Amino acid sequence: MILTWFILAILVGVYASNIGKSFLGYFFIAVLLSPLVGFIIVFVSKDKTAKEQPIIIEKESVSDELLKLNELKEKGILSDEEFNEQKKKQLKQ
């Protein structure tokens, strides 16, 4: 029974270290409280290995935007004036 308790506590520590947490800290929590409680605490805690990555917004090139504007003009969605106005805005960027 005690051997099973320690094996499960070791598994809690291994799982914790795999997600960037302290092996020893969660091992001792699992030994003192219970392996089940240890697993729950590790599972609920935030994953440190999944660091927040900045969101990269890919900006389309000016030529892509001009092609889209030209398609809208050819379809009749944009008038010549609207097309020229949007084209000027794109070329200024």
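Here, each number is a calculation from the coordinates, and none is a lab measurement. As the structure is a prediction and not an experimental result, all values here were calculated from the model. Here the Cβ is made from the backbone with ideal geometry for all residues, glycine too, and neighbour counts use every protein chain on show.
Relative to the current alpha-carbon distance between ASP64 and GLU81, full extension at 0.36 nm per residue lengthens the span by 4.2 nm. Potential lengthening of the chain between LEU72 and PHE28 amounts to 9.3 nm, from the contour at 0.36 nm per residue minus the alpha-carbon distance. If you plug the beta carbon distance of THR4 and VAL44 into 1/(1 + (r/R0)^6) with R0 = 22 Å, you get a FRET efficiency near 0.40.
Per-residue Karplus couplings for segment 25-30, computed as 6.51 cos²θ - 1.76 cosθ + 1.60 with θ equal to phi - 60°, are listed in order as x, 6, 4, 5, 4, 5 Hz, Gly and Pro entered as x.
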